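One structure below.
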Amino acid sequence: MIVCFDIGGTAIKGALAYSADDIRPFPRQPTPLHDFGAFVATLASVISEAETQAGKRPDCIALSIAGVIDPDTSNATVANIPCIHGRPLQADLERALNLPVVVANDADCFVLAEAGIGAARGHRVVFGIILGTGVGGGLVIDGKLINSTGGFAGEW
């Protein structure tokens, strides 16, 4: 079981994923923009609710963010959420939540999901675009994310 979060500048959307076909969303929470402690507390409250529903501790936490993780420093570059910008986000959250954490760009997550189990399944090349408060995109070729190691290369 994985607790998944889509971290946006306005809201944090969460879900409990038992499998690709069994994903149970939680209500949206406002994103704490300037207080990392409040940010962690918001995630922890959803994790606690997930534990109650599932009757067990999650295997890990997965976050999609509108930003990138620098592959050299592991620091997050996130323009719209100052409290996580510049942090080694994965390490900080693992320490605070006492669970393994995976962090990835939201557009990359979107295009991987569409290529693997969504509307683009079966296509060799898949390009996805997110148009919202920000703009992002991801590219999957032959089932592999281009720029899978993170950073800015491949971002547009």
In this structure, does V78 turn out to be more than 19 Å from L99 (Cβ to Cβ), modelled with pLDDT under 95 and touching a His at 6+ places or on another chain (Cβ under 6 Å)? yes
Return the residues of the range 50-75 that are of a type in the set (A, V, I, L, M, F, W, C), outside any helix (DSSP H, G or I) and farther than 17 Å from L97 by Cα; say none if nothing qualifies. I65, A66, V68, I69
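Every residue, every condition in (1) surrounded by fewer than 15 Cβ atoms within 10 Å (Cβ to Cβ); (2) closer than 21 Å to A38 by Cα, yes or no:
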{"residue": "P71", "(1), (2)": "yes, no"}
{"residue": "A76", "(1), (2)": "no, yes"}
{"residue": "A120", "(1), (2)": "no, no"}
{"residue": "I130", "(1), (2)": "no, no"}
{"residue": "V135", "(1), (2)": "yes, no"}
For R95, the lone unmet condition from (1) open to solvent by less than 70 Å² (accessible area, probe 1.4 Å); (2) part of a helix (DSSP H, G or I); (3) more than 19 Å from T31 (Cβ to Cβ); (4) not aromatic (F, W, Y) is (1)
Which condition from (1) touching an Asp or Glu at 6+ places or on another chain (Cβ under 9 Å); (2) farther than 22 Å from N98 by Cβ; (3) in contact (Cβ under 8 Å) with a residue 24 or more places away in the chain is the one that C83 breaks? (2)
Looking only at the range 1-39, filter to residues that are open to solvent by less than 40 Å² (accessible area, probe 1.4 Å) and of a type in the set (F, W, Y); which one of those is farthest from D108 (Cα to Cα)? F36
Please enumerate the residues belonging to the range 100-110 that are out of contact with any Asp or Glu (no Cβ under 7 Å at 6 or more places or on another chain), buried (at least 18 other Cβ atoms within 10 Å of the Cβ) and either aliphatic (A, V, I, L, M) or within 13 Å of F39 (Cβ to Cβ) (or both). V103, A104, A107
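Here's the yes/no breakdown for (1) under 20 Å from M1 (Cα atoms); (2) in contact with a Gly (Cβ under 9 Å, 6 or more places away or on another chain); (3) not acidic (D, E):
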position: A62; (1), (2), (3): yes, no, yes
position: T77; (1), (2), (3): no, yes, yes
position: Q90; (1), (2), (3): yes, no, yes
position: A96; (1), (2), (3): yes, yes, yes
If a residue has to be open to solvent by 20 Å² or more (accessible area, probe 1.4 Å) and closer than 18 Å to A11 by Cα to count, how many in the range 78-92 make the cut? 4
Could you go through the range 36-52 and let me know if any residue there is of a type outside the set (A, V, I, L, M, F, W, C) and touching a residue at least 40 places away in the same chain (Cβ under 8 Å). no
Looking at (1) free of Cβ contacts under 8 Å to residues at least 12 places away in the same chain; (2) farther than 24 Å from A20 by Cα; (3) buried (at least 18 other Cβ atoms within 10 Å of the Cβ); (4) not basic (K, R), which is the one condition that is false for A113? (2)
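The values are calculated or read from the model by the stated rules, or taken from the named source; none is laboratory data. The model shown is predicted, which means the values in this text are computed figures rather than measured ones. Note that each Cβ is placed from the backbone with ideal geometry, even for glycine, and that neighbours are counted across all protein chains shown. Note: accessible area is taken over every heavy atom of the protein model, side chains too, but ligands, DNA and RNA are not part of it. Shrake-Rupley method; radii C 1.70, N 1.55, O 1.52, S 1.80 Å.
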